[in-house]
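I have placed the structure first, in the form of structure tokens, so that the comments after it can refer back to it.
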Amino acid sequence: MKNNKIIIMLFLIGILIITIFALYNFFSSDKSVIDKNFDVDFHNFKLQKVKEKEEWSPNGDGIKIQVFEFKNWDKTNINGLESLPVKYNLPPNEIPREFINNTNGYYKCIINKEDNRNFDILIIDTLKKKICVYYQIM
């Protein structure tokens with residue numbers, strides 16, 4: 001009887017650990033991060049990451065670039081997005097030129113009010129079906 005209780009407890013603990021792991025992966029996916037940072041819903045999209053670059057210095061300055069490919073584009077997701085080309089005069093950055101010079105698609109730029117060198121930008125190229133997510137802290 002005592003062994004059965006131990007087995008049941010171990011089984012329940014295992015189920016709990018698996019559930020926590022699954023929820024963590026769901027809420028920390030690239031789609032969830034984009035949704036949280038830019039308020040753009042990509043849950044109906046199948047995104048495939050094709051490039052990621054991240055460089056941070058010891059003082060916390062740095063950049064992060066993620067490039068994704070997608071197959072279908074749903075125009076209902078453009079709420080809050082502006083049409084390309086980017087209309088902001090951005091500080092020096094490492095955004096791939098194929099995105100920054102693009103005129104086919106949408107973008108959303110969030111610039112830090114205290115230091116305009118710090119910004120996040122989401123660029124969606126609807127012709128090449130690529131997305132660039134860029135974060136910069138200087």
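The values are calculated or read from the model by the stated rules, or taken from the named source; none is laboratory data. Every value quoted in this text rests on a predicted model; they were computed, and no experiment measured them. Methodologically, a virtual Cβ is constructed for each residue, glycine included, from the backbone with ideal geometry; neighbour enumeration extends over all protein chains shown. These accessible areas exclude ligands, DNA and RNA; they are computed on the full protein's heavy atoms, side chains included. Shrake-Rupley method; radii C 1.70, N 1.55, O 1.52, S 1.80 Å.
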Discussion item. Need one word for the chain: rounded, prolate or oblate. Basis is the Cα gyration tensor (sqrt eigenvalues a ≥ b ≥ c); a/c below 1.5 gives rounded, then a/b vs b/c decides.
Written reply: prolate
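For a test of the definition: using alpha carbon positions, the gyration tensor, and the 1.5 limit on a/c, classify the range 88-136 as rounded, prolate or oblate.
Numbers: a/c = 2.39, a/b = 2.04, b/c = 1.17.
Because a/c hits 1.5 or more and a/b exceeds b/c, the range 88-136 counts as prolate.
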Worksheet item: Given +1 on the Cβ of Lys and Arg, -1 on the Cβ of Asp and Glu, and no further charges, what dipole in debye does the chain carry about its Cα centre, rounded to the nearest 20?
Response: 540
Fill in: Cα-based helix-to-principal-axis angle, 2-27 vs the chain, degrees rounded to 10
10
Worksheet item: To the nearest 10 square angstrom, what accessible area does THR103 show with a 1.4 Å probe?
Response: 90
Fill in: Per residue accessible area in Å² of the chain, where ligands, DNA and RNA are left out and the probe is 1.4 Å
67
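Tell me, what % of the accessible area of the chain is carbon and sulfur with a 1.4 angstrom probe? Show your work: numbers first, answer last.
Values: 5260 of 9260 Å².
C and S atoms contribute 57 percent here.
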Worksheet item: List the lysines whose alpha-carbon lies under 23 Å from that of LYS53, not counting same-chain residues fewer than 8 positions away?
Response: LYS31, LYS36, LYS64, LYS71, LYS108, LYS128, LYS129, LYS130
Fill in: Rounded to the nearest 20 debye, dipole of the range 93-138 from Cβ charges on Lys, Arg, Asp, Glu
200
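Give the calculated FRET efficiency between ARG117 and ASN79 to the nearest 0.05, with a Förster radius of 22 Å applied to their Cβ-Cβ distance.
Numbers: r = 28 Å, r/R0 = 1.26.
The value I calculate is 0.20.
Just add up the charged neighbours of ASN59: K/R +1, D/E -1, any other residue whose Cβ is under 15 Å from the Cβ of ASN59.
Summing Lys/Arg as +1 and Asp/Glu as -1 gives -2.
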Worksheet item: Based on DSSP H runs of at least 4 residues, each adding -39500 (n - 2.57), what is the mean residue ellipticity at 222 nm of the chain after dividing by all its residues, to the nearest 500 deg cm²/dmol?
Response: -9000 deg cm²/dmol
Fill in: From phi via Karplus (6.51, -1.76, 1.60), per-residue ³J(HN,Hα) for the range 119-136 in Hz, x at Gly/Pro
7, 10, 9, 10, 10, 10, 8, 7, 7, 8, 6, 10, 10, 10, 10, 10, 10, 9
Item to complete: Any chance you could run the full-extension gain for ASP35 through ASN89? It's 0.36 nm times the residue separation minus the Cα-Cα distance, nm to one decimal.
Response: 17.0 nm
Discussion item. I'd like the FRET efficiency for LYS71 and ASN3, computed as 1/(1 + (r/R0)^6) with the beta carbon distance as r and R0 of 30 Å, rounded to 0.05.
Written reply: 0.05
